[in-house]
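First the structure, in the form of structure tokens, and then the observations on it.
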Amino acid sequence: MIQPQEKLAWPQENCLGLKLGRVYFFYMSLDSPPAASSGVDIRQIVDQTPPPGLIALFFAFAKMSLAGFGGVLPFARRAIVEQHRWMTADEFNETFALCHFLPGPNIVNLSFVFGSRFRGLAGGLAAFLGLVGPPMVLVMGLAALYAHFGDIPVLRRILAGISCAAVGLLVATVFRMMMPLLKRRELPPLLLMVAVFAGIGLARWPLQFVLLVAVPISLGVTILMQKRALS
């Protein structure tokens with residue numbers, strides 16, 4: 001089993017992203033499986049993390065938005081799940097999936113839903129303003145510069161390179177969001193994921209049609225899997 005050994009005092013952020021007064025080093029006996037308590041440890045860490053305040057929500061989402069060239073989703077997942085430990089990977093996937101069904105941009109919906117979860121309406125507004133406010137000011141300044149210097153060939157090549165990097169970040173985030181499903185090794189969710197991808201990405205079916213079919217099936221599969229787990 002995993003046993004903690006207290007080594008030294010260090011009031012900085014540890015490797016798990018939690019501000020603790022001590023750092024713990026772990027050793028594992030040879031007869032214990034490596035992944036036996038990984039999920040439990042993550043769940044306990046998230047439960048023990050204090051909820052963010054309004055100022056923390058504003059600056060956290062402002063940092064995500066200012067760093068998110070080409071898309072905020074990779075930086076939002078890294079900050080929420082890995083850095084601050086405000087959510088588990090499964091909770092982030094479920095929240096982001098919910099935001100897909102709400103009108104408006106997904107990441108904007110995520111900021112409001114996430115902030116409201118911890119601090120109610122005020123938290124939702126704080127996260128929303130942090131996500132939208134700073135980039136809006138920055139984009140207005142860049143738009144004025146682009147109006148004067150947008151025809152420069154060097155600038156066009158730079159923007160093309162940034163777009164390629166943004167695609168790479170998005171693909172990497174998709175694979176990281178898939179990991180909880182792959183680790184559980186449950187066949188029905190994987191088949192549903194592949195079917196939705198094939199319907200929207202390959203067959204080019206309308207998004208509304210695919211969702212009307214996929215959502216009831218997904219709910220039914222989830223209910224059946226939960227009943228089987230309880231029985």
| request: Kindly indicate whether residue 71 is in contact (Cβ under 8 Å) with a residue 40 or more places away in the chain, within 28 Å of residue 216 (Cα to Cα) and of a type outside the set (Ser, Thr, Tyr). | output: no
| field | Qualifying position, being at pLDDT below 80 and either under 20 Å from the mean Cα position of the chain (by Cα) or of a type in the set (Lys, Arg) (or both), among 171, 132, 154, 167 | value | 167
| Among the candidates 171, 210, 139, 154, which residue alone is at negative phi and surrounded by 13 or more Cβ atoms within 10 Å (Cβ to Cβ)? | 210
| message | For the range 58-110, give me each residue that is outside any helix (DSSP H, G or I) and within 10 Å of the chain's Cα centre (by Cα). | response | 72, 87, 88
| Residue under evaluation residue 101, criteria (1) at pLDDT below 85; (2) over 30 Å from residue 164 (Cα atoms), criterion not met | (2)
| message | Of everything in the range 174-205, what is surrounded by fewer than 14 Cβ atoms within 10 Å (Cβ to Cβ), in a loop (DSSP other than H, G, I, E, B) and either modelled with pLDDT under 85 or hydrophobic (A, V, I, L, M, F, W, C) (or both)? Give them in sequence order. | response | 185, 186, 203
| field | Failed condition for residue 115, given (1) of a type in the set (Gly, Ala, Ser); (2) within 17 Å of residue 67 (Cβ to Cβ); (3) crowded, with 18+ Cβ neighbours inside 10 Å | value | (2)
| Any idea which of (1) of a type outside the set (Asp, Glu); (2) buried (at least 18 other Cβ atoms within 10 Å of the Cβ); (3) farther than 19 Å from residue 119 by Cβ is the one residue 67 doesn't satisfy? | (2)
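The values are calculated or read from the model by the stated rules, or taken from the named source; none is laboratory data. Everything numeric in this text was worked out from a predicted model, so none of it was measured. Cβ atoms come from the backbone with ideal geometry, glycine included; neighbour counts cover every protein chain shown.
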